[in-house]
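Data first, discussion second: the structure below is written as C-alpha cells.
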Amino acid sequence: MFVLDRQAGRLEGRWLPASAAQLLWERIVGDDPELSALLSPSGVARAAYQSWRRLHDYCIPFDAPGTDESPETQAFARWCQEYRRLLEEHRWVDAAVAPARVRAVSALPGFELVGFDRFTPMQEALLERWAAAGVEVRRETPAGGPSVAAGRVACLDPAAEIDAAARWAAERLHGRTDRHIAIVVPDLMRRRDDVRRRVERVLVPEAGLTGGPAPESRSFELAAARPLAEQPVVAAALELLNLFVRPADLTAISRLLRNPFVGGVGEEGPARGRLDARLRRYESPGLTLAALGRMAAERSCPILAGQLEAALALASKWPEKTLPSDCSKRIFELVGALGWPGAEPDSAEHQAEQRWRTLVSELGACDEFTGRVSRAEAVGLLREMAGRVLFEPRELRAPLLVIDAETCAGMRFDGLWVCGLDANRWPPPASPDPFLPRAEQVRAGVPRASADLAAREARETLWRLLASAPEVILSVPETDDEAPLLPSPLLLDVAAVTDLSRWAPPRLAVASYDGRPVLDRVVDAALPPISPEEATRGGARLLELQAACPFRAQAEVRLGARALEEPAVGVDAAERGDLVHAALARFWSELGDQSTLLGLDAAGVLAAVRRAVTAALAEARRTADAVLAHLLDLEAQWLEARVLDMVEADRARAPFAVESVEQSCTARIGELALQLRLDRVDRLADGSLAVIDYKTGASAEVRAWLDERPKLPQLPAYVQALGPANVGAVAFARVRSGDTGYVGIARDAGCFPGLKVPGEKGGPKGYDSWEELLAAWQRRLEGLAREYAAGDARLAPDPPRACAYCHLGMLCRIAETRAAGPGEEAGDE
C-alpha cells in the first residue's frame, strides 16, 4: 500500500530498499567510535536493523533503549539516533516507518484479514486509524475449538518422524484428489533438503526404494524459502560475473562450459562437454577467457566463442571503480551477452530471475552508501545481498503441503500432522531481542521476550493448529542424535494413538515384483568376449580393476568410461607420483649401481639429487605462472628430501646394480598381452632381479599382493613379464614423509635384507616357499585375465572396497541391487 501511495503521489519521501538500509546500518555500526573491533560488524548490523524494525512494530518508545544501562542497548540507542538523523536528512522512508505513513485511501473500500495469529501494536494502531477513516476492515473469525480427532504419537527420531508423517499423508491421499493435507515441520528452512528427500521417497516412488500413493497424488509443495543466491539460475549468474571480475581458473572455466543457463547450450552442449574434457586433461591452470574463446571457435562452439568475445569487450570497458548504479547496468549487459538465463527457463527459474533483476536494480540505489566500488566489490556486494534475500518460487497447488507452524496460520486442511513437539522446542526457550530493553519488550508483548510470553505463544499456536483440521496428529521424537527427548507439557491432555493407519512401507522392487507379469528372468552380467585387437589394449591397471570390480574393468578399459580430470592449482597426488618417478629415474640413470653411489661423498650425492630433481621439474616450470612457480619451489624441497631418504635406504642395501628404469615391456597373461612400464629393475648379488615399484600413497602394503583377488596386482604382473625364474625379489619403494623405504618379499633374506621371506618367521602366511608364491600369483593373474577376456562384467564382489573411489555408480546402479551389501539401505545417502 505504501508503494501505491508513492505511485499515486500521495506520499513524500524517497524509498530506502532493505539492502540499502542494511548497508547504512553497517556503516553506522562500523563508524561507532565507542566500539572496539567487532568480529562480524555486518552480522551485528543485521541484528540491529531487525531490532529497529521490531522497535516500530511493537511501538516501543524511541528513547527507551537510551534508558537501559546494558552496553548493547546503549550502543543501539546511539545507532538509532544516527540512523534516524540520516533518514530525516535525506528524506528516506524505510520498511519500518513506511506503515505509519500509509493513508486510508489506499485501503479503500476495505479488506479482510486472514491467517493472522496476532497483530503487532503498530498493525493494531494502523487498523484502528483506517477504521476511523471509514475503511471496512473484516477480520477472519477464528475456527472452532480443537479437533476432536487429535492424537499423539511417538517416533524414534526426527527422520523417522518425517517418514511416518509422509506415510500417514500418503494413506489419506491415495485415490483422492480432493483432499488437502499438511505436515508442519519446525525449523523447516534448515532441514529443507532432508525433509524433501524423505517425503519424496514415500510420495514419489522413483525417488527411492519405498512405496508410495497412486500417481495422481504424488506431488507436494515444500513451503520453505532458501537464500536467493542458492537458486540455480541466480547462482549461475553470480558464477558468470565472478569469471569477469576476478582472475579465472580452470575450475571456474570448467563450470562455465557446463553451465546450463548460458545461451546456446541446446545447440552446443555436447561440443562444450568435449571441450571441457580436453581442458581438464591438457590445459594448464592459467588458461584465460580469451584463449578459451579461441579454442571454442576452433572446436565447434561458435555461439560460446561469440558470447565470450562480446562479454570480454564489455568487461574491458568497465572502469576500475565506478558507482553501483553504473555497475548495475553493466551487470545486466554482461550476463545478457552470455545468453543468461538460457533459452527456456521454467516457471521457478523465471521467478528467481525476476527477483534477481530486482535485486540488481536495488544495488543501483546504493550509490550514497558505498561510493565508487570496483567490479569485484560490486559483485561481492550483490552476492551478499542475494544471500540475505529469502526466496521461494510459487509452485502449483498440491494435495500435500509441508510447511512450518508460522506460515500455515489461517489455513484449513482435511488432515494435519505436526512434528517436533518435544519439551525442548514446545514451548521454545525465551529469546529476547539483545538491543531492546527487556522490560519494554515484555510490556509490548514481543514474541519470546520472556519464558511466559514464549509459553503463551506456543499454547496459542498449538490451539490454532488443533483447530485447523478435523484430524490432527501431534508427534514427538523420542531421541535426537541419541539424546533422549520428553514430550512437551502442552501435550498432557492429548491422548496417545497406537493404531494409526499409514501407507505400507514396502520396497519399490517388492511392490513392482508383486504386480509383475510372468516374464523370463535373465541376468546378463557380461559383455562380448574381447577381440584380438582388444587383447593388446591395457596395462596392469586392467588387472587391478578386474580384481576389484569386473564391471568397472569392462566399462573403463573397453568402453572408455573414465572420470574427467579435476582441474586443480598446484601439484596433485598423481603429478607428485610422476615427479618422484622422473627424479629417481634420472638419478639412477646417471649413477647406474650402488658402488658408484657409495663412492660419492655427501656433497656429491646432494648434487646428483638436485640435478635429478631439477630435470624432473623442468617441463612443469616451463609453463608455470607465478603462483605455480612458487608451489613448484616448495615441491622441489619436498622432492629433494624424499629422494635423499630413498638414496639412504639404497646405501644400506646389499650390493646391486640398476638394470633398467622406466622399462616398457609386454606380459603375456592368459589371452592378454599387457603393455607394462616397470619403474625400476635391480640386478642383485646372486644374479636374480629385484622388481621395484615406487609408491607415494598409503596403499603400499605387502598384503595388497596376497589376496585371491589382489588389490594391487602390478608387481605380480611385472614378475610374469620378466619371467618368474629370473626374479628374486619384489618390493614397493615407499616415498613419503616420515616413512620412506622398502617393503616386499624376497626369495631369501641375503639378497635383499629387510624384505619378508616365504616360509620363514614373519613371512607371508600360507606360502612355504618363494616358488609357491609365484605359482599362486600366476594362477590368480591368469584367472583375472580369463574373466576379462570372456567379457565378465559382474558388479563388485567387495562393494565397500571397490566403490569407495569409483565414479561409475550412476552407470552400474549398484545401489539398486542386493550388491549394496547387508545393512545398507539402497538409495540412502
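The values are calculated or read from the model by the stated rules, or taken from the named source; none is laboratory data. Since the model is a prediction, treat every value here as computed from it, not as a measurement. Every residue, glycine among them, receives a Cβ derived from its backbone with ideal geometry; neighbour counts consider all protein chains shown. Accessible surface areas use protein heavy atoms only, side chains included; no ligands, DNA or RNA. Shrake-Rupley method; radii C 1.70, N 1.55, O 1.52, S 1.80 Å.
Within the set of pairs 6+ apart or on separate chains, which have a first residue in the stretch 420-444 that is small (Gly, Ala, Ser), a second that is surrounded by fewer than 15 Cβ atoms within 10 Å (Cβ to Cβ), and C-beta atoms under 6 Å apart?
Ala423/Leu486; Ala430/Ala451
Report, ordered by the first and then the second residue, all pairs with beta carbons closer than 6 Å, sequence separation of six or more or different chains, a first member in the stretch 122-144 that is within 25 Å of Pro61 (Cβ to Cβ), and a second member that is modelled with pLDDT under 80 and not in a helix (DSSP H, G or I).
As it stands, the answer is Leu127/Val137; Ala131/Val137, since those pairs meet every condition given.
Restricting the search to the stretch 25-64, which residues are aliphatic (A, V, I, L, M) and under 21 Å from Pro99 (Cβ atoms)?
The answer is Ala48, Leu55, Ile60, Ala64.
Identify the residue in the stretch 151-178 that is of a type in the set (Lys, Arg) and crowded, with 16+ Cβ neighbours inside 10 Å and, among all such residues, is modelled with the lowest pLDDT.
Checking each candidate, the answer is Arg172.
Applying the selection to the stretch 345-402, what residues are within 26 Å of the chain's Cα centre (by Cα), basic (Lys, Arg) and in a loop (DSSP other than H, G, I, E, B)?
Arg394
Hey, among the residues in the stretch 759-793 that are open to solvent by 50 Å² or more (accessible area, probe 1.4 Å) and over 47 Å from the mean Cα position of the chain (by Cα), which one's nearest to Leu545 (Cα to Cα)?
Ala775
For the stretch 246-258: of the residues being open to solvent by 10 Å² or more (accessible area, probe 1.4 Å), in contact (Cβ under 8 Å) with a residue 12 or more places away in the chain and not hydrophobic (A, V, I, L, M, F, W, C), which is farthest from Glu566 (Cα to Cα)?
Applying the filter and picking the extreme gives Arg246.
Out of the residues in the stretch 486-505 that are in contact with a strand residue (DSSP E or B) (Cβ under 8 Å, 6 or more places away or on another chain), surrounded by 10 or more Cβ atoms within 10 Å (Cβ to Cβ) and assigned to a loop (DSSP other than H, G, I, E, B), state the one that is modelled with the lowest pLDDT.
Leu500
So which residues in the stretch 450-485 are more than 17 Å from Pro429 (Cβ to Cβ), surrounded by fewer than 21 Cβ atoms within 10 Å (Cβ to Cβ) and among the small types (Gly, Ala, Ser)?
Ala467
Suppose we filter the stretch 506-550 for residues that are modelled with pLDDT under 65, surrounded by 13 or more Cβ atoms within 10 Å (Cβ to Cβ) and assigned to a loop (DSSP other than H, G, I, E, B); how many remain?
So the answer is 2.
Restricting attention to the stretch 703-737, and to residues there that are open to solvent by 10 Å² or more (accessible area, probe 1.4 Å) and among the aliphatic types (A, V, I, L, M), which single residue is farthest from the chain's Cα centre (by Cα)?
Looking at residues that are open to solvent by 10 Å² or more (accessible area, probe 1.4 Å) and among the aliphatic types (A, V, I, L, M), I get Ala725.
So in the stretch 239-272, with the set limited to residues that are of a type in the set (D, E, K, R) and not in a helix (DSSP H, G or I), which one is nearest to Ser374 (Cα to Cα)?
Arg246
Output the residues belonging to the stretch 697-743 that are hydroxyl-bearing (Ser, Thr, Tyr) and either without any contact (Cβ under 8 Å) to a residue 24 or more places away in the chain or in contact with a strand residue (DSSP E or B) (Cβ under 8 Å, 6 or more places away or on another chain) (or both).
Hits for the stretch 697-743 are Ser699, Tyr718, Thr740, Tyr742.
Restrict the check to the stretch 406-415 and report whether at least one residue is surrounded by fewer than 23 Cβ atoms within 10 Å (Cβ to Cβ) and in contact with a Pro (Cβ under 6 Å, 6 or more places away or on another chain).
no
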